[in-house]
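The values are calculated or read from the model by the stated rules, or taken from the named source; none is laboratory data. Just so you know, these numbers come straight off a predicted model, no measurement behind them. Cβ atoms come from the backbone with ideal geometry, glycine included; neighbour counts cover every protein chain shown. The accessibility values were calculated without ligands, DNA or RNA, using every heavy atom of the protein model including side chains. Shrake-Rupley method; radii C 1.70, N 1.55, O 1.52, S 1.80 Å.
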Amino acid sequence: MTARIGVVTFPGSLDDRDTQRAIRLAGAEPVALWHKDKNLHQVDAVVLCGGFSYGDYLRAGAIARFSPVMETVIEQAKAGLPVLGICNGFQILTEAHLLPGAMLGNDHLHFICRDQKLRVENAGTAWTADYEAGQEIHIPLKNMDGRYVADEHTLDKLEAEGRVVFRYLDVNPNGSLRDIAGITNEAGNVVGLMPHPEHAVEPLVGSGRTDGLPFFTSILKKLVNA
């Protein structure tokens with residue numbers, strides 16, 4: 001039985017097709033999900049892709065968090081459904097309180113687009129099992145509101161519980177506190193990160209590397225072996 005991974009499209013989504021392709025390359029079946037439809041159509045996992053949902057009005061992800069589909073995503077994520085939020089998807093996850101903290105504008109006040117070096121800090125989540133802790137990878141990054149912030153207590157708790165999943169190396173591109181590029185919830189089924197793994201799955205396109213493909217093979221293996 002083929003694992004089915006849903007990709008939600010909001011008004012302003014940018015990378016839904018790229019994400020579907022990455023899922024297909026990993027060997028799973030991508031399922032298009034629409035923001036107005038509460039039905040997740042029996043998918044085994046969900047990806048909230050990058051883009052500028054609702055034009056980033058109010059705050060990035062603030063309106064998308066109230067889309068009908070998110071009511072079901074929030075409910076099922078709390079029950080264990082694997083959910084990955086990429087860039088705008090990460091912003092939506094913080095607005096939905098599935099992940100702690102918030103995303104603010106880059107400290108240099110400019111949009112940034114670059115290949116970003118990361119260190120894998122946690123290879124024990126549903127989305128990172130095909131990596132090794134300490135592994136260094138390169139993933140494309142493109143954002144305007146990518147600065148991760150949280151209060152000191154929350155940051156200390158994330159560090160103590162091993163819930164920082166990725167950390168920026170060599171340069172902090174947006175001023176994120178403690179160089180945090182991605183985090184997970186306590187259960188490890190919900191992961192959010194600012195870089196775009198779906199743009200690093202084929203050697204001939206995107207970054208020319210395949211460092212992002214393990215996100216999608218990780219979840220596939222978890223679903224097949226569940």
Of the residues in segment 85-136 that are surrounded by fewer than 15 Cβ atoms within 10 Å (Cβ to Cβ) and of a type in the set (A, V, I, L, M, F, W, C), the one that is farthest from the chain's Cα centre (by Cα) is Leu109
Among residues belonging to segment 54-79 that are among the basic types (Lys, Arg) and part of a helix (DSSP H, G or I), point out the one that is nearest to Pro195 (Cα to Cα).
Arg65
Which one is least open to solvent (accessible area, probe 1.4 Å) among residues in segment 186-225 that are assigned to a loop (DSSP other than H, G, I, E, B) and without any contact (Cβ under 8 Å) to a residue 12 or more places away in the chain?
Gly208
Which numbered condition trips up Ser67, out of (1) in contact with a helix residue (DSSP H, G or I) (Cβ under 6 Å, 6 or more places away or on another chain); (2) open to solvent by less than 10 Å² (accessible area, probe 1.4 Å)?
(1)
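Which residue out of Lys157, Lys142 is within 27 Å of Arg59 (Cα to Cα) and surrounded by fewer than 16 Cβ atoms within 10 Å (Cβ to Cβ)?
Lys157
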Give the residues of segment 36-53 that are within 18 Å of the chain's Cα centre (by Cα) and either surrounded by fewer than 18 Cβ atoms within 10 Å (Cβ to Cβ) or not in a loop (DSSP other than H, G, I, E, B) (or both), sorted by residue number.
Ala45, Val46, Val47, Leu48, Gly51, Ser53
Go over the candidates Arg21, Arg17, Arg59, Arg4 one by one and state the one that is open to solvent by 60 Å² or more (accessible area, probe 1.4 Å) and farther than 19 Å from Ala200 by Cα.
Arg59
